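Okay, structure first, notes after.
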Amino acid sequence: MDMIKNIKRYCGAALLIGAGAAVTLNSCSENIDESSLYTFTGEMMTDHFENNPETFSSYLTILGKVHQSKRSASTMKELLDARGNYTCFAPTNEAIYLYLDSLVKIGEASSTDVNEIPDSVAEDIVFNSIIENGDEEAFATTSFYDAVPLSLTNMNGRYVTPYYGTDENANTIIYMNLYSKITDGDIEVENGFIHTIDRVLSPSNASIAEMIMVTENTKLFGECLALTGWDAKLTKYKDEEWAEKYDDIRGTTTSGKHGKFNGEYPNERKLGFTVFVETDSVFEANGITDITSLKEYVRTYNNFEDDTSRGIATSWDDDYDNDYNWLNQFVAYHILPEILTYSNMVTFANEYGCDGGMMQSRTATQFYVNVWEYWETVGVQRRSVKITGCRVNGIIQRRLNRKSVYNQSNCREVPSAITIPGLLISPSNEGYDNDALNGIYFPIDGILLWTPEVPQKVLNERLRYDITALLPELLTNNLRQNRKCNWLFNKDYFDNVYEIVEGTDFWYLPNTGWSNSTTGWLDYQNDEFNINGQFDFTMKLPPVPYTGTYELRYGVWANNNRGMAQIYMGKNPKNLPAIGIPIDLRSASGTNPASTGWVAETTIAPSGSDSTALYENQKTMRNLGFMKGSKYIQVSGGTGRDSQDNLRKIIYTGQFEAGETYWIRYKSVLPSVMTEFFYDYLELVPKSVYAGENNEDIW
């Protein structure tokens, strides 16, 4: 561990560079050991292992023992002998011997002979070492980011993280998951890249709470987890009941009941968490050394009394496992019910400024504009955090609860003012492992509190939620923006979906044809749910930051394949009242100008300067219950604001209560089973925005 700390210290700022920008092999030094760099050989992965038995004979034997899945007769050796795109972190013979020897010493294996190891050990070695890249290119070291997990998980469902350092000769070296050094990198073969490592990749099997509690510099936060009982709540990992119930369909290829799309059911349903953690040094910098001083700090700055309007008061006693106890609320506001990596805290897709709709990687180094997401934390209080991806002094960062002010004309390109800087999120923890079995934790540089300025300033804005951000299982199971295929879900997959009625095909479409092309959808973040059949489903709405009047809006992209839906909304998912008349998503009817008031802005104001005429058209559309699409959504053919089929429908205007749970139901009103329900994003917009002193922006 000390060696890793020293390696990272030698590299310094030149390597971390905000932990969002690419780090190349000469980041710390130009003294590159070129003997460890390979070029294309024309081999398959299996060929390479067979041609180098002095290095890989043990690994090759284990590959031949492990089957691709319980349903498959094919071995992993056969998989790596076939076409495809794979990234393989292949352990040497010596690495495998050392690993097996360590298992023998703790009684988890009886021999270091690879022919005698248990199947479970063989599977761990193999599945932890291989990433299936699908249609995306395999990972070369030039695509690595220091301390940032690779965007796809390995075949064991775990993230692999590169860390950069230097050796005694000032040569740059890369460690995967802190301990496995790449000794021969970028071996290019027909079906991907091989990176030879000197230690078997063996991610920690500790729960996220256990990892925080035993880490040397997070002791106080670990104590908070134990006192509140959140340590026990953060142990969920795999839903074995779901796996058993749906064993006949999970991982299978399907065309769905109505033949609209082809794709797969997810193979598993994992559960996990993201935790934002103050290190002990951050606590100490704020005068906090124990629970007593933390209580004093929280009592001074918190806004936990915001539930008193519903007859609920914060407890300041020592009943820490009470949901409304001050410490319990403090801890809960640090935890998200999904696994986020540093890269996918925010999503780069087709936001304003992207190059003609070209695909932007989730680890994109260019911020054309600031991007952000809203995430609901755990706990009964239903609170949210905002994570912003931004560039500060040229350094790419992620920040919690940042508030910036933007001009109407430049989207989120250059803030005109930063009123609340927000807390800096670090991708790693000073050389300690932060990737647990069921989650990842991220150190922050200040105290994360639900202060009055969070609901009243940070979140007092148009809250645009991509639907994927409302379904934690998508993030935890690495399905969001996973363009391997379209994904079909059964009714029990999502906790936030109350019901999917029989006859409904619940598809997630990540735009599989988008990679490396100018093919663009006028969707927010270039993905969508497309729900088929005589659909009928009910799901939870995101929380509002404070009690008040809001508009609830639904993002529309109409075409003649769509259907019509009656919307219902309320607090009781079993008995929701209807809201308004059905929405017609067919471009031939519901979204024509007579129904929506839409007129092209180039027609209204050819010079672009007649703001009065533009405002009058906006009022006309709002009176009909519609708004133009967002100019933020951009593809090569234009923006969401330029298309009469890309709109926002105002579903409901009225009071929402903070901390309350609201549900929304969408039910088809057409007899056809071939219609589609387009489900992309929702907006919750406080009255201070849509009817404030200034006009709401067009983005």
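Read-outs: derived from the displayed coordinates by stated rules, not from any lab. Just so it is clear, the model here is predicted, and its values are computed rather than measured. Here the Cβ is made from the backbone with ideal geometry for all residues, glycine too, and neighbour counts use every protein chain on show.
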(message) Could you check the spin-label model distance between Lys457 and Asn115? Points 7 Å from the Cα along Cα→Cβ, value in nm.
(response) 7.0 nm
(message) Just want the answer: with Cβ charges of +1 for Lys and Arg and -1 for Asp and Glu, which residue in Thr300, Leu479, Thr141 is farthest toward the dipole's positive end in the chain?
(response) Thr300
(message) If I model a spin label at Thr292 and Val392 as a point 7 Å from the Cα along the Cα→Cβ vector, what separation in nanometres do I get?
(response) 3.4 nm
(request) Per DSSP H run of n ≥ 4, the term is -39500 (n - 2.57); total these for the chain, divide by its residue number, and report the mean residue ellipticity at 222 nm rounded to 500 deg cm²/dmol. (result) -5500 deg cm²/dmol
(message) Give the lysines whose C-alpha is closer than 22 Å to that of Lys457, dropping any in the same chain fewer than 8 places away, or say none.
(response) Lys386, Lys403, Lys687
(request) Give, in whole angstrom and from largest to smallest, the semi-axes √(5λ) of the equivalent ellipsoid of the range 584-699, with λ running over the eigenvalues of the Cα gyration tensor. (result) 25, 21, 13
(message) With Rg and Dmax of the Cα atoms in Å as the read-out, I listed (i) 28.5, 103; (ii) 26.1, 81; (iii) 27.0, 86; which label goes with the value calculated from this structure?
(response) (ii)
(request) Calculate how steeply helix 119-129 sits against the longest principal axis of the alpha-carbon atoms of the chain, using the helix alpha-carbon long axis, and give the answer as 0 to 90 degrees to the nearest 10. (result) 70 degrees
(message) Using the basic label-point model (7 angstrom from Cα toward the beta carbon), what is the Ala285 to Val501 distance in nanometres?
(response) 5.5 nm
(message) Checking the a/c ratio against 1.5 first, then a/b against b/c, what shape does the Cα gyration tensor give for the range 132-203?
(response) prolate
(message) Which order do the peptides 541-547, 402-408, 524-530, 690-696 come out in when sorted by mean C-beta neighbours inside 10 angstrom, highest first?
(response) 524-530, 541-547, 402-408, 690-696
(request) Rank-order 170-176, 599-605 by packing density, defined as the average count of other C-beta atoms within 10 Å over each peptide's residues, highest first. (result) 170-176, 599-605
(request) Kindly express, to the nearest 10 degrees and within the range 0 to 90, the angle between helix 291-301's C-alpha long axis and the longest C-alpha principal axis of the chain. (result) 30 degrees
(request) Give the peptides 658-667, 411-420, 431-440 in descending order of average Cβ contacts within 10 Å, highest first. (result) 431-440, 658-667, 411-420
(message) At a threshold of 8 angstrom on Cα-Cα distance, excluding pairs fewer than six apart, so keeping six or more, what relative contact order does the range 208-336 reach in percent?
(response) 26 percent
(message) What is the angle, in °, between the Cα long axis of helix 219-228 and the longest principal axis of the Cα atoms in the chain? Nearest 10 is fine, range 0 to 90.
(response) 60 degrees
(request) Under 15 Å from the Cβ of Val497, count the other residues' Cβ atoms, weight Lys and Arg +1, Asp and Glu -1, and hand me the total. (result) -4
(request) Return Glu551, Glu123, Glu616 ranked ascending by Cβ neighbour count within 10 Å, so the fewest neighbours appear first. (result) Glu616, Glu123, Glu551
(request) Just name one of Thr341, Leu178, Leu100: the one whose Cα is farthest towards the positive end of the charge dipole of the chain (beta-carbon charges, Lys/Arg +1, Asp/Glu -1). (result) Thr341
(request) State, as an integer percentage, the relative contact order of the range 78-212 based on alpha-carbon contacts under 8 Å between residues 6 or more apart. (result) 31 percent
(message) Given contacts defined as C-alpha pairs under 8 Å and at least six residues apart, what's the relative contact order of the range 463-690, whole-number percent?
(response) 32 percent
(message) With the cut-off at 22 Å, tell me which of the pairs Lys619/Lys649; Lys65/Lys181; Lys491/Lys667; Lys238/Lys574 have Cα atoms farther apart than that.
(response) Lys65/Lys181; Lys238/Lys574
(message) To make sure I understand, if each residue's beta carbon is the centre and we count other beta carbons within 10 Å, what order do His334, His67 fall in, fewest to most?
(response) His67, His334
